[in-house]
There are 2 protein chains.
Amino acid sequence: MTLKDLAKIAGVSISTVSKALNNSAEIGQKTKARIHDLANLYNYQPNNLAINLKTGKTKTIGVIVPSIQNNFFAKVIIGIEEVLNASNYNIIISITNESQEKEVAIVKTLSNGVVDGFLVAVGEETQVNQHVEHFNYANKRNKPIVLFDRVIKSLDFNKVIVDDKGIVNSVVKNLVKQDKKAIALVSAIYNLSVGQSRKEGYLDAIKGQQEAIVLEANVEDLERELKTLLDNTTVDAIVAADEDAALLALRVAKAKGLSMPRDISIIGFAPTKLAENVSPQLTTINQHGIDIGKKAAQLLVNKLEDSTLDPQRVIVNSTVVHRETT
Amino acid sequence: MTLKDLAKIAGVSISTVSKALNNSAEIGQKTKARIHDLANLYNYQPNNLAINLKTGKTKTIGVIVPSIQNNFFAKVIIGIEEVLNASNYNIIISITNESQEKEVAIVKTLSNGVVDGFLVAVGEETQVNQHVEHFNYANKRNKPIVLFDRVIKSLDFNKVIVDDKGIVNSVVKNLVKQDKKAIALVSAIYNLSVGQSRKEGYLDAIKGQQEAIVLEANVEDLERELKTLLDNTTVDAIVAADEDAALLALRVAKAKGLSMPRDISIIGFAPTKLAENVSPQLTTINQHGIDIGKKAAQLLVNKLEDSTLDPQRVIVNSTVVHRETT
DNA sequence: TTGTAGGCGTTATCAA
DNA sequence: TTGATAACGCCTACAA
């Protein structure tokens with residue numbers, strides 16, 4: 001059922017039907033009513049493709065994330081959904097699995113008539129090699145991009161980031177203030193920029209106070225390293241840069257019979273559900289993923305409505321949720 | 001940069017450029033080469049909208065899920081991604097938040113030129129009121145639908161389901177065989193069809209063997225009920241129909257000082273990461289979400305390639321992963 | 001108040 | 001081997 005079909009049935013021209021359905025003032029009341037009824041009767045639905053081709057807008061946003069199993073990104077998407085939905089945008093979610101090849105392919109395909117703009121958390125590969133032509137490509141085609149969480153410094157786009165460095169810094173400083181003499185950082189995400197920021201926060205806080213103890217490795221190696229560390233040194237506190245490291249620290253400490261927080265404190269990044277259900281319950285740094293998503297989406301919607309807006313850099317502060325390990 | 005622009009630059013007609021870029025045999029080698037070079041030079045990318053409008057195909061699939069924070073759906077999406085990607089389909093993921101209104105809106109919008117077909121896990125609301133016009137609407141418009149996990153019986157579409165009833169049934173039978181005298185079912189998802197199936201599996205297994213003990217409520221009430229139950233009766237085993245109920249059972253049993261599996265066995269549905277990190281580690285029923293996603297996507301791709309294919313009903317079997325609570 | 005015609009960027013048929 | 005031309009479904013000056 002197209003405008004043409006409807007026009008034939010109504011015995012009027014295509015443009016009359018088009019105008020009637022779009023409630024144009026040019027069309028008479030009775031004609032409008034008649035055509036609306038007809039459209040309902042035949043369950044007419046406009047072809048979005050044609051409208052988009054014509055208008056050059058698609059009212060859909062591409063959301064590109066490295067992973068979806070990651071609780072953080074899932075949360076962000078919920079926030080994005082919420083505001084984009086309210087602003088009547090559709091959402092295309094694409095997952096890169098940290099592959100740059102996929103990231104490039106997705107951005108290029110979606111740039112060409114599929115979406116009006118992007119919300120992206122850059123993949124690992126892109127973050128290390130800083131290959132950003134595909135983003136510039138989209139940008140030149142007037143598809144604004146808002147980067148969130150995993151951003152690229154050199155790109156002058158809207159950005160929503162988490163103050164990873166700052167929150168870790170303050171957490172560690174606090175630990176120092178509590179008279180913890182040996183605070184270790186364990187990380188299984190040393191290859192991600194987030195991991196780097198968190199480490200920097202730690203290093204900055206520890207500098208001049210005590211010797212830095214940094215364990216960075218993949219999960220398996222990390223376990224070994226952590227065991228050796230705890231065997232040979234007394235550690236007062238562990239700050240874990242990611243969920244896996246946090247869980248690992250908890251496990252190893254428990255296995256050694258350390259009591260928390262008496263013998264050792266542990267603070268890590270981990271989703272609430274997990275933190276609440278391990279024992280002892282884990283003190284975590286909460287990143288407010290939903291807020292990040294909302295903010296990023298809002299920035300994009302604003303930019304889409306007013307393309308002259310200058311790029312902003314928004315920081316969404318994380319908060320510490322104290323549980324049983326501190 | 002459109003075909004027209006390129007044609008002007010190359011000094012040939014639009015159709016020549018089109019054919020050259022599509023590698024038509026009609027065009028001479030040198031011309032082809034020249035035009036390809038030009039296209040590369042000017043970084044020409046075809047407008048997908050126009051292609052889609054012309055061909056009537058979009059090479060994209062709409063995936064509709066009630067939630068994304070649910071680990072199960074996240075897993076399914078990973079499986080879907082994998083096969084759809086291999087078959088060169090794009091993916092649009094939409095989240096209904098269990099709202100029928102949203103489900104209807106999404107299906108209608110996407111049906112009109114946006115996607116070639118759907119992969120859907122029906123929302124709660126739809127599952128209770130069985131309002132399925134929107135699915136029929138899509139189907140009539142030649143947008144095939146594959147239902148997964150949350151399906152509608154009355155719909156004659158391809159379906160990929162989990163044998164919830166069967167696996168719970170066999171788990172409970174096994175418990176009976178192990179001489180558990182009082183096996184309880186706890187569920188916080190009694191309003192979902194999955195919850196119903198799981199309960200049926202339990203009831204069937206327990207029938208004629210022992211008295212059924214079924215606790216169904218929202219998480220808060222469930223906690224109270226479970227405490228009262230354990231205070232007044234000795235329960236040998238608990239089967240939890242969902243993650244929250246499983247976590248709850250574990251917590252309450254621990255709080256009562258029960259040792260697992262000596263005093264009580266617990267088996268529940270829960271994601272691996274959680275099951276492995278609680279203590280004692282939880283024995284779970286693993287649903288193989290990735291396989292479900294793969295299978296569903298494959299069915300859709302097949303249907304898209306050969307529309308005469310009859311709908312299938314595929315069951316993906318779950319398996320029990322024994323950990324410390326059994 | 002209604003209709004005609006051109007165009008959005010492609011593909012594809014048919015003619016040259 | 002190449003080029004006009006129509007068509008996909010819609011919107012919108014402009015004309016009637």
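The values are calculated or read from the model by the stated rules, or taken from the named source; none is laboratory data. Nothing here was measured: the structure is a model prediction, and the numbers come from that model. Cβ sites come from the backbone with ideal geometry, for glycine too, and all protein chains shown count toward neighbours. Surface accessibility is based on the protein's heavy atoms, side chains included, excluding ligands, DNA and RNA. Shrake-Rupley method; radii C 1.70, N 1.55, O 1.52, S 1.80 Å.
Mean partner shielding of peptide B:277-283, defined as the number of other chain Cβ atoms within 10 Å of each residue Cβ, is 4.
Remark: mean inter-chain Cβ contacts per residue of A:91-99 equal 4, using a 10 Å Cβ-Cβ cutoff to other protein chain atoms. Backbone N atoms of region B:268-288 closer than 19 Å to the 7 Å Cα→Cβ label point of B:Q178 belong to residues B:268-272, B:275-287. Buried surface for the A/B pair, taken as the accessible area of each chain alone minus that of the pair with a 1.4 Å probe, is close to 3700 Å² in total. Taking a straight line from the alpha carbon of A:K177, these aspartates and glutamates sit under 13 Å away, with near neighbours fewer than eight places off in the same chain left out: A:D236.
Counting only protein heavy atoms and a probe of 1.4 Å, the accessible surface of chain B is 47% carbon and sulfur. Taking a ≥ b ≥ c as the square roots of the eigenvalues of the Cα gyration tensor, the protein assembly as shown is oblate, since a/c reaches 1.5 or more and a/b is not larger than b/c. Sparsely packed loop sites in region A:211-295 (the trypsin sites (Lys or Arg not before Pro) outside DSSP H, G, I, E and B with at most 16 other Cβ atoms within 10 Å) comprise A:K256, A:R262. When each of the peptides B:201-213, B:58-70 is scored by how many other beta carbons lie within 10 Å of its residues on average, the order from highest to lowest is B:58-70, B:201-213. Taking all protein chains into account, the per residue accessible area for region A:1-129 stands at 44 Å² (1.4 Å probe). Which pairs, out of A:K75/B:K256; B:K57/B:K102; A:K8/B:K108; B:K75/B:K227; A:K180/A:K294, put more than 27 Å between their alpha-carbon atoms? Correct reply: A:K75/B:K256; B:K75/B:K227; A:K180/A:K294.
The largest accessible area among A:S279, A:S170 belongs to the first residue in A:S170, A:S279, and the rest follow in falling order (1.4 Å probe, all chains).
The order of B:T283, B:T55, A:T234 by accessible area, most exposed first and with a 1.4 Å probe, is A:T234, B:T55, B:T283.
Taking amide H positions as modeled 1.01 Å from N, with prolines and chain starts lacking one, the residues under 5 Å from A:R323 and 5 or more places away or on another chain are A:T283, A:T284.
Label-point spacing for B:N136 across the identical copies (point 7 Å from Cα in the Cβ direction), in nm and ascending order: 5.5.
Sequence-distant contacts, meaning Cα pairs under 8 Å at least 6 residues apart, place the relative contact order of chain B at 17 percent. Here the Gaussian network model covers chain B, with springs between Cα atoms less than 10 Å apart; of B:P311, B:P261, B:P46, B:P46 fluctuates the most.
Note on B:K303: aspartates and glutamates with a C-alpha under 12 Å away, same-chain residues under 8 apart excluded, are B:D116.
One Cα centroid belongs to region B:22-47, the other to region B:196-263; the line between them spans 67 Å. The same position B:P311 in the other copies lies at 4.9 nm from this copy, comparing label points 7 Å beyond Cα toward the beta-carbon, shortest first.
So which residue, out of B:A253, B:A121, B:A86, gets the largest mean-square fluctuation from a GNM of chain B using Cα contacts under 10 Å as springs? Maximum fluctuation in the GNM of chain B, among the listed residues, is at B:A86.
Express as a percent, rounded to the nearest 5, the fraction of DSSP beta bridges in the protein assembly as shown (both residues included) that run antiparallel. Here the antiparallel bridges make up roughly 10 percent for the protein assembly as shown. The stretch between B:E324 and B:E220 holds 34.9 nm of extra length on full extension. This uses 0.36 nm per residue minus the Cα-Cα distance.
Normalised by the number of residues in region A:226-310, the average gap of Cα pairs under 8 Å and 6 or more apart makes the relative contact order 23 percent. In this structure region B:164-286 gives 42 Å² per residue of accessible area when probed at 1.4 Å with all protein chains present. Modelled this way, with points 7 Å down the Cα-to-C-beta line, the labels at B:K57 and A:M1 are 2.7 nm from one another. Ordered from longest to shortest, the equivalent ellipsoid semi-axes for region B:1-94 are 38, 13, 11 Å, each the square root of 5 times a Cα gyration tensor eigenvalue.
Taking all protein chains together, A:D149, B:D163 sort by accessible area into B:D163, A:D149, largest first [probe 1.4 Å]. Kindly identify region A:164-286 as rounded, prolate or oblate by the Cα gyration tensor criterion: order the square roots of the eigenvalues as a ≥ b ≥ c, call it rounded if a/c is under 1.5, otherwise compare a/b with b/c, prolate if a/b is larger, else oblate. Verdict is rounded for region A:164-286.
Note on A:44-53: average number of Cβ atoms from other chains within 10 Å of each residue's Cβ is 6.
The Cα-based radius of gyration of chain B, divided by its Kirkwood radius, gives an Rg/Rh of 1.16. The loop-placed trypsin sites (Lys or Arg not before Pro) in region B:109-174, going by DSSP, that have at most 16 neighbouring Cβ atoms within 10 Å of their Cβ come out as B:R141, B:K153.
For A:Y42 and B:Q209, what does the FRET efficiency come to when R0 = 60 Å and r is the distance between their Cβ atoms, rounded to the nearest 0.05? Computed FRET efficiency for A:Y42 and B:Q209 comes out at 0.55. Using a cutoff of 8 angstrom between alpha carbon atoms and counting only pairs six or more residues apart, the relative contact order for region A:70-136 works out to 31 percent. Gyration tensor analysis over the Cα atoms of region B:3-46 returns equivalent ellipsoid semi-axes of 14, 11, 9 Å (largest first, whole Å). Annotation for A:S13, label-to-label distances across the other copies: 3.0 nm (shortest first, one decimal, point 7 Å from Cα along Cα→Cβ).
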